Structure formats: C-alpha cells, structure tokens
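Here's the structure, in structure tokens; my notes come after.
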Protein chains: 2
Amino acid sequence: MGNDSRINMDGLQRGMDAAGVDVLVAVSLQNFFYITDTLLLSQMIMPERLCMAVVPREGKSGAIVCYCEERQTVDDSWITDIRTYLEFHESPMRALAEYLKERGFHTARIGIEKRFLATIYVEQLAALLPEATLVGADGVFDEARAIKTPAEIKILAEAGRRTEEAIQATFQSARPGHSEKRMADDLSTRVLNAGAISFWITLSVGDNTAINHPFPSTKPLATGEILRVDVGGLFQGYQSDVARTAVVGSVNREQRSTYTRLREVQRELIAAARPGVRACDLYAMYQQAFEQRGFSTTSQAVGHSFGIGMHEIPVLHACEMTELKPGMVLNIEPAVKDSQGYLYHIEDLIVVTCDEPEILTNVMDTKDLFVIH
Amino acid sequence: MGNDSRINMDGLQRGMDAAGVDVLVAVSLQNFFYITDTLLLSQMIMPERLCMAVVPREGKSGAIVCYCEERQTVDDSWITDIRTYLEFHESPMRALAEYLKERGFHTARIGIEKRFLATIYVEQLAALLPEATLVGADGVFDEARAIKTPAEIKILAEAGRRTEEAIQATFQSARPGHSEKRMADDLSTRVLNAGAISFWITLSVGDNTAINHPFPSTKPLATGEILRVDVGGLFQGYQSDVARTAVVGSVNREQRSTYTRLREVQRELIAAARPGVRACDLYAMYQQAFEQRGFSTTSQAVGHSFGIGMHEIPVLHACEMTELKPGMVLNIEPAVKDSQGYLYHIEDLIVVTCDEPEILTNVMDTKDLFVIH
C-alpha cells in the first residue's frame, strides 16, 4: 500500500482482511481516483478506456492506464509503478492479468468491483487468470470511503460552501420572468467560477418541481410558484450537492407553513445524526415526523452518504441497518409536496462527529422561504 | 417495436435477427435514451439507479424504471408500457425478470449489454431466469446507432455548429494573461447558453497541451504559446465534440507551418471518408500523411464515430475493418506536436454521404492558425 492523507488506508486494510482478498483492483472513476489521486476526464466521458489501480494487502500499489493517460497519472499520482496498455491493440484486462501475474497474484483472491465492472471484462479476466478467484470487493472500497479523513472533510466543506454561495448569489439575481434555463445557466456558471470542473443541475419551477430530476426548460419563473434547485459540482474530485427552495414574487400562507415545517423536520433529522444511530432509524424518524405534520413521504430515502460519489453508503432508507460513525458525511434532504403539487426540497451536508453533527453548508440562512423579487 | 424518427428500427431488427436474439434489454444511458427518448439525469450522476428498456423482436417495447423516474419517462417516451420498481426494496433485476417472464421471455435468448452491465446484475438476472440464455448484444445497438437517421444528423449538426460558435466567440474574447480556467469557464458558459444541458472541456496552453485531457488550470495564456481546446456539450441527448488550436499573442514560422500542414492532413482525411473506405484505411492514410511531413503520430486513432456516445463505432484505428457507410457521422481529429512539445489539434464533425462527405462544423474558417490578441 502507499499513502496519501486523503485515503483511509487502515479501512482498506481491514476490509481486505475481512473479505479475505490478497489484492484489490479499482476500476471505477471513483475508486481509481480515491486510490491514485488522479482524476481522468476520459473516465467520465469514455468509460471504455479502462484505467485500473492495484492495491495489494502487502507491497506497493500500482496503476495500469491507457497509454495516453500515462503523463497525467505520472504527474498526479503518488503511485510510481505505472504501466500502460495500447488502446485498440490489446485488452486492458490482458495488461491487468500480466501485471497481476508478475506480482505473483495468479493464484490469489482478487477483489474486483463486481457492481461496476462489466461482465465482458470479468469474463476476460477470469479466462486469463484461471487459477485466481475473483471476489466482489465493492464493499471494501465502500466501507473505507464511508469514513472521511480530515483532508476529505475539508474539501467537501469547501465544495459545499462554494456551491451554496453560488445558489445564494443566483437567488439574489434571479427575477420573475426569467426562464428556468437562464437561471440554471447563471447558477452553473457560478459553480464553475467557484472552482468546479463540472456540474449537474436540476432547477424547476411550479409543476416541473414534481419531476424528480427535471432538466431546466424555457418555462418562465411565474409569480406565486415554488422554485426548487438541486445542484452540485466536482471540486478537486469531490462532489457537492445542495438543494434549496424559493418562491417567485410573493409567498402565501400555505407555502410559508409548508416550508417552515419541512425545515423543522430536516433540522430534527440533522440533530439526530449521531454515532450509533442507524440509517434506518433516521428514515423512520423522517416518516414519523412527516406523519405528525400530515405530510406524505415523497422518497424512499431521506439522505445519503457522499464524497467522490453522489450516493455513498449508508443511504438513509428503511432497509439500511448501518450505524452512523464519526467521519461519515451525509446529505439530509427531506422533500414534500404542497396542495398545488409543488415540491419543496432542502438538502444540507453534515459531518457526523463524536458529539453533535456539524452542518457544512451553513452560508445561507434557510429559516425562511426565500422570495425571488 | 415502436417507432420514433430518431431510431434506426430496421437496423435494430436486422441486428436482432443476425444475433438470434428474441428481445433486447437496454440499460446504459446511451441505449436507454436511444430507445426511449428519455434522458435521465440519474443515469448520469447515480448509475446504480438502473433504468431499462425492453425491445422484443415482435410486439411492443416496454420500460422498467425506478419509481421516481416514472413521471419523466411517461412525459418523454413514446413507450406506453412503463413499469416501476421500488429502489432499495427490490432489485431492478427482479423487476426486469418479472417483466420478461410476463412477456413470455423466460426461455428466450435475451440480448444484454455485456460491455456495460456490471457482473453483479448479470449474475442476478441469470439466477432469476435460469432457462433463458443471456447473449451479449452490445453490437446490435452499436451497429444500429452507427447509421444516423436524418433527425439525428440534424441534431448533431446543430450541436456541432453551436459548439463551434461558442469556441469562436471565446477565442475572440480571450486575452493574453487570462488563465486557462477563466477561458474554459467562459467557453463552458457559452456552450450551456447555446442550449447544452451539460458539457466537458479540456483547454490548455503551452506545456499543458501535451497532457491528453488536461483540466483547465490557473496557468495564464502566455505569449507565443499554443492553446488547444477540445470541448463538447449534450444537446437534446446528443454530444458535440470540436477541437481547435490557437496561438497566444504572435505566431512564429514553425507554428504557422505546423498548423497549416496538420490541417492539410485533416482535409485529406475528410475528403477520403467515402462509402466503402475502411476505418483502418483512413488510419493508414493518416500515418502516411504524417510520415510524408515528418510528423510523429500522437494517437492510436485519428477519429471516431459519434452521436449519443462520445466514441461510437467505427473508431478510426489500425485494427478496425468496418467500411464507412452513408449516414455515419465521424469526428476527424489528427493532432501533432511541434519542437516545443506543444500539441496542435483540429477536430471536425462530418457525415458520410453517397458522394463527398459533408462537414457539419463549418462556422469557423480554420485555414489559418487563430491568434489570440
């Protein structure tokens, strides 16, 4: 193994011991970046160009990348044993198998990402290493990544803060009559200007808020309608994900009350996010808090862990028994519809500590429903 | 099957016949969108939320989506038989297997995306449908999608044109001393304002151009350095992908000559992209044209087909024997380094016709190297 202050190496080691694997192979963008500190655009836009990191239980880690990604991997990674393969001429799995053989892993238990790696590659690898055992090791990565290091929390806090600042500035400059797309482009640009290298956005008003992830449309911001934004960017390889709700022009009594009660629920859930509480307990609290207020639940999850990936474990749903631990970073995001069918959504990022959780997205005062004038 | 003017239904039908499959299952964002006309943000940012389209050789198509994506799928798709599954409570593969059983496909040859679908899902599906045969059918989708319909070519031409206009405007407003990131954000914003819902970008100057896909940095545009941009956006579910090269401040003789000769090569390759020519023939022409000019080749491919995906078949590399056909849309993109190690890159989108290829990205005059003043 190597070292990097971002990586939970102890967690990886314990996971490998528990899973009984001799070596881990990271292939997804998330795990490759987690291990190598190298963020490759090609893994985002042309995933067939596989790049792999190899982490043995003992001994140094290595990476196998497409020839054209060698320079960036050498520049960015702490890993020094970097091999390449020639795209179109040789299979990445052949290069991986050769490397594993050279390292003495031809009869090993090899931990692979079964939840990510496509069948065709696993079939190739199994044929190339007939004496090895390929074991699903997604959970080893998941569990190590679930506990963030201080270096990771710092990046996530900064990403959340900058995203929230972008939302605040966009809310302040939006005007009734602007289109969803115009406002979304304004916000996206602010997220990029704040340092993100990419973003995703869902921004909708009125009836469109009821769609789960609507793309911004030409629909104008009409007075009296609820506006919902859920946005994130990629900062230093880590995501942000913040949702805020506003109303256009003027607010009526039902809207104010719906928003205020939704935020109450969110703050109750945040306060409850302490070590030892299970993910499903938070989900049950959400159900109960909604029921008490006469709200209908709108989602099978009320939040999720978060980091390099958008949804990391634990996701806060009814079947997830994982207990919260210090160092977990969670998005808490209840949402509710009003009698018009407009969806209200508040999402904040918190870190679980030994004591009270810390809210990392704390730029905006979310106590009252924001009015776009 | 259903119908949508965007879809090459004949091609899918022929591919299914040739592969001997009774039913196709689309799971990747690209194939799901191709079949259903529904572009789901969740497929981009949380791919574990599987959504599937089922296309039988005979009879109507169906879709199985996560409960929270039902509304958008109903709104956007021509498919009317839309089923849902409850995330976290049931496996998407169970919902898929139930649907396939209901449709009488429990003993069928089922075409799946082996190059996309993760091992864990294929193992689940095989266990749930023990009498069925799961066949890799990636090629059926690939070959149908390789021939674009007029509706698709129209979208791609518009996407390319708008992206090129954004590059032109950004080149005109960039100034020596601006940072790569500032210029990249300006260009990204223009791509979004032109109608894209997302983008990717690589923009670099000087030494950074030698990295394959550099993320824009704080490095300033320094006089005398080469600037390379390669950018794309997602327009109506279809990609754009255009590369242009400029020089900062003033151009020297070597730079002018390198650029002019690179463009000559690119135009020769474009002119040669006619029906019956094989992908590998174009690659061989590229090698020969580079050799004649004393250039070293910098890539294992000189272009690629293109559409909903960034790299579609055929990719123009030495081992690809596929013949070009009318309706194929290709990016032709040679690149070369000068004696300073700066990389020059020109990429244009063309459509193969019965006669001369048509260049779809024709807004900028690329004859001379653009100078950023």
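When B:Ser339 is represented by a point 7 angstrom out along its Cα-to-C-beta vector, the spacings to that point in the other copies are 8.0 nm, nearest first. Per-residue Karplus couplings for region B:111-120, computed as 6.51 cos²θ - 1.76 cosθ + 1.60 with θ equal to phi - 60°, are listed in order as x, 10, 8, 5, 7, 10, 5, 5, 3, 4 Hz, Gly and Pro entered as x. Between 0 and 90 degrees, the angle of helix B:253-272 with respect to the longest Cα principal axis of chain B falls at about 40 degrees.
Label sites at A:Val74 and A:Asp355, each approximated as a point 7 angstrom past Cα along Cα to Cβ, lie 5.0 nm apart.
Counting Cβ atoms of other protein chains within 10 Å of each residue's Cβ and taking the mean over peptide A:112-123 gives 6.
Hey, got the average number of other protein chain Cβ atoms within 10 angstrom for residues in A:186-193? The partial results should precede the final answer.
Details: counts 3, 0, 8, 7, 2, 1, 10, 6.
Average per residue, whole number: 5.
Just round it to a whole percent: the fraction of Cα-Cα distances in region A:150-372 exceeding 26 Å. Pairs farther apart than 26 Å: 32 percent.
I need the calculated FRET efficiency for the pair A:Lys101 and B:Ala127, taking r as the beta carbon distance and R₀ as 25 Å, to the nearest 0.05. Show your work: numbers first, answer last.
Numbers: r = 31 Å, r/R0 = 1.24.
The formula returns an efficiency of 0.20 here.
Report summary: the helix-based calculation at 222 nm, which adds -39500 (n - 2.57) for every DSSP H run with n ≥ 4 and divides by the residues of chain A, gives -11000 deg cm²/dmol.
Do any GluC sites (Glu not before Pro) in region A:33-82 lie in a DSSP loop with no more than 10 other beta carbon atoms within 10 Å, and if so, which?
Working: sites: A:Glu48, A:Glu58, A:Glu69, A:Glu70; in loops: A:Glu48, A:Glu58.
Counting only loop positions with at most 10 other Cβ atoms within 10 Å, the GluC sites (Glu not before Pro) in region A:33-82 are A:Glu58.
Geometric descriptor of the protein assembly as shown, per residue, is 150 Å³ (volume of the convex hull of the Cα atoms). Principal axis analysis of the Cα atoms in region B:281-373 yields extents of 38, 31, 25 Å, listed in decreasing size.
For region B:9-145, give me the percentage of DSSP beta bridges that are antiparallel, rounded to the nearest 5 percent. Kindly include the intermediate steps, with their values, before the conclusion.
Details: 7 of 18 bridges.
So the antiparallel bridges in region B:9-145 amount to around 40 percent.
Remark: chain B projects, on average over all directions, an area of 18.6 nm² (convex hull of Cα atoms). Counts of other chain beta carbons within 10 angstrom of each beta carbon in peptide A:290-300 average 1. Could you tell me the center-to-center distance, by alpha carbons, between region B:120-198 and region B:19-60 in angstrom? Here the answer is 17 Å between Cα centres. The other copies place their B:Asp355 label points at 8.0 nm from this one, listed shortest first, where each point is 7 Å from Cα along Cα→Cβ. Note on chain A: with a GNM built from Cα contacts shorter than 10 Å, the maximum mean-square fluctuation among A:Gly62, A:Gly276, A:Gly11 falls on A:Gly276. Which one, A:Gln43, A:Gln288, A:Gln30, is farthest towards the positive end of the dipole of chain A when Lys and Arg carry +1 and Asp and Glu -1 on their Cβ? Farthest towards the positive end: A:Gln288. Per residue, the convex hull spanned by the Cα atoms of region B:9-145 amounts to 96 cubic angstrom.
Give the Kirkwood hydrodynamic radius (Å, one decimal) of region B:169-265, defined as one over the mean of 1/r across all pairs of different Cα atoms. Present the calculation step by step, with values, prior to reporting the outcome.
Working: mean 1/r = 0.0718 Å⁻¹.
Here the Kirkwood hydrodynamic radius works out to 13.9 Å.
The amide H of B:Lys148, built 1.01 Å from its N in the peptide plane, has B:Met328, B:Val329 as neighbours under 5 Å, considering only residues 5 or more places off or on other chains. The Cα center of region B:222-243 and the Cα center of region A:261-305 differ in position by 44 Å. Taking label points 7 Å from Cα along the Cα-to-Cβ direction, A:Thr218 and B:Ser296 give a separation of 5.1 nm.
Annotation for B:Ala19 and A:Lys325: the two label points, set 7 Å from Cα along the Cα-Cβ direction, are 4.2 nm apart.
Amide H contacts under 5 Å for B:Phe370: B:Val247, restricted to partners 5 or more places along the chain or on a different chain, H placed in the peptide plane at 1.01 Å from N. Over region B:150-372, Cα pairs under 8 Å with separation of 6+ residues give a relative contact order of 23 percent.
Throughout, read-outs are computed from the coordinates displayed, never taken from laboratory work. Because the structure is a prediction, the values reported are computed rather than measured. Neighbour counts run over all protein chains shown; Cβ positions are idealised from the backbone, glycine included.
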